[in-house]
Amino acid sequence: MNDVENAVDDKTACLIVQHPNFYGYLENPKQLTEIAHRNGALSVVSFDPLSLGILERPGDYGADIAVAEGQCLGIPMQFGGPFLGILSCRQEFVRKMPGRLIGQTTDRNGERCFVLNLQAREQHIRRGKATSNICTNQGLLAIRATVYLSLLGPQGLKEVSELCCQKAHYAAEKLTAIAGIELAFDGPFFKEFTLRCSAGTQSVVERARQAGFEIGPELSSLSESEHQDNNLLLLAVTEKRSQADIDRLAEALS
């Protein structure tokens, strides 16, 4: 936290926090938001939508802007996609948002309906110089995510979050019981965690592949730094994995 305190000053425009972070671990976003605000900077939080079933919402700890990848909201992976971007902000920044804002109201019969509340006219006037896209192809994915969330409801989202968290911790416990494998970092995590494999990650990944599992990525492949730890492996466990799956992976690696 001291490193952040030293890095943020009155020339900082915003502090962006990934929560959970790249390694799957949970930062202290409230404290980081306070650091940003003390220096007149905006707090921007990149969050996991499923984590909000059990973790605080970004707005609750003071974030000004919250962004997320919505693929986990009922959208299956297909050849590396598709993805769904999520962007939200405080009321005072609404008119600086790109795209169109849809609001809820009532029609002449008193029924609930949705209307186009706000749209930047520059999309039609400035066109190529506009700060937002003239059109978007994410409408279908947004509808799919909306259907998924409406079917889950608040309690369903909470249950999915709890399953992800419980199964990830169960997997971490089973895998770190194997000689030569340990958690790379101390601290809480949600559904992703990083392992340190003393004998290297390649043999672990290959052993898992032979058992029918694709695990990783190997973090050494993401950096050319000579200081990169070549023994780190990032794993994610979601609600779709069963206890039998996890036990079978642990057995293969042991």
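Throughout, read-outs are computed from the coordinates displayed, never taken from laboratory work. What you are looking at is a predicted structure, and each value in this text was computed from that prediction instead of being measured. For neighbour counting, all protein chains shown are included, and Cβ atoms are generated from backbone atoms with ideal geometry for every residue, glycine included.
Couplings 3J(HN,Hα) of the stretch 103-110, computed from phi: x, 9, 8, 10, 8, 5, 9, x Hz, in residue order, whole Hz [Karplus 6.51 cos²θ - 1.76 cosθ + 1.60, θ = phi - 60°; x for Gly and Pro].
Highest mean first, the peptides 150-156, 200-206 sorted by other C-beta atoms within 10 Å per residue fall in the order 200-206, 150-156.
With 32 Å as the limit, the listed pairs 11/158; 30/158; 11/167; 96/167; 30/240 have 11/158; 11/167; 96/167 beyond it between alpha carbons. Peptide packing for 44-55, 243-254 was compared via the average number of neighbouring C-beta atoms within 10 Å per residue; ordered from the highest value, the list is 44-55, 243-254. Compared with the alpha-carbon gap, the fully stretched path from residue 69 to residue 37 is longer by 9.0 nm at 0.36 nm per residue. Here the chain carries DSSP beta bridges of which approximately 70% are antiparallel, counting only pairs with both residues inside. Among complete DSSP H helices in the chain, those whose alpha-carbon atoms stretch at least 20 Å along the helix's long axis and whose mean Kyte-Doolittle hydropathy reaches -1.0 are 139-176.
Note on the stretch 2-148: Rg/Rh from C-alpha atoms, Kirkwood Rh, equals 1.01. For the stretch 231-240, the Karplus equation 6.51 cos²θ - 1.76 cosθ + 1.60, evaluated at θ = phi - 60°, returns couplings of 10, 9, 9, 9, 10, 10, 10, 10, 5, 7 Hz by residue, with Gly and Pro reported as x. Can you tally the net charge around residue 190? Count Lys and Arg as +1, Asp and Glu as -1, for every other residue whose Cβ sits under 13 Å from the Cβ of residue 190. Once all neighbours under 13 Å are counted, the net charge is -4.
FRET efficiency for the pair residue 12 and residue 240, taken as 1/(1 + (r/R0)^6) with r the Cβ-Cβ distance and R0 = 45 Å, rounds to 0.70. Electrostatic bookkeeping for residue 75 treats Lys and Arg as +1 and Asp and Glu as -1; over the other residues with beta carbon under 15 Å from its beta carbon, the sum is -1.
Electrostatic bookkeeping for residue 29 treats Lys and Arg as +1 and Asp and Glu as -1; over the other residues with beta carbon under 14 Å from its beta carbon, the sum is -4.
Applying both filters, DSSP loop and at most 15 other Cβ atoms within 10 Å, to the chymotrypsin sites (Phe, Trp or Tyr not before Pro) of the stretch 1-46 gives 22. Derived scalar couplings between HN and Hα for the stretch 188-194 equal x, 9, 9, 10, 10, 8, 10 Hz in order, rounded to whole Hz, by the Karplus curve 6.51 cos²θ - 1.76 cosθ + 1.60 (θ = phi - 60°), x for Gly and Pro. Taken about its Cα centre, the chain carries a charge dipole of roughly 1360 debye when the Cβ of each Lys and Arg holds +1 and the Cβ of each Asp and Glu holds -1. Long-range amide H contacts for residue 46: which residues qualify at under 5 Å (H placed 1.01 Å from N, peptide plane, sequence gap of 5 or more or a different chain)? Amide H to amide H, under 5 Å and 5 or more residues apart or across chains, residue 46 pairs with 17, 18, 19, 67. Per-residue ellipticity at 222 nm computed for the chain from its helices equals -9500 deg cm²/dmol, with DSSP H segments shorter than 4 residues left out and the rest contributing -39,500 (n - 2.57).
The Rg/Rh ratio for the chain, using Cα coordinates for both the radius of gyration and the Kirkwood hydrodynamic radius, is 1.02.
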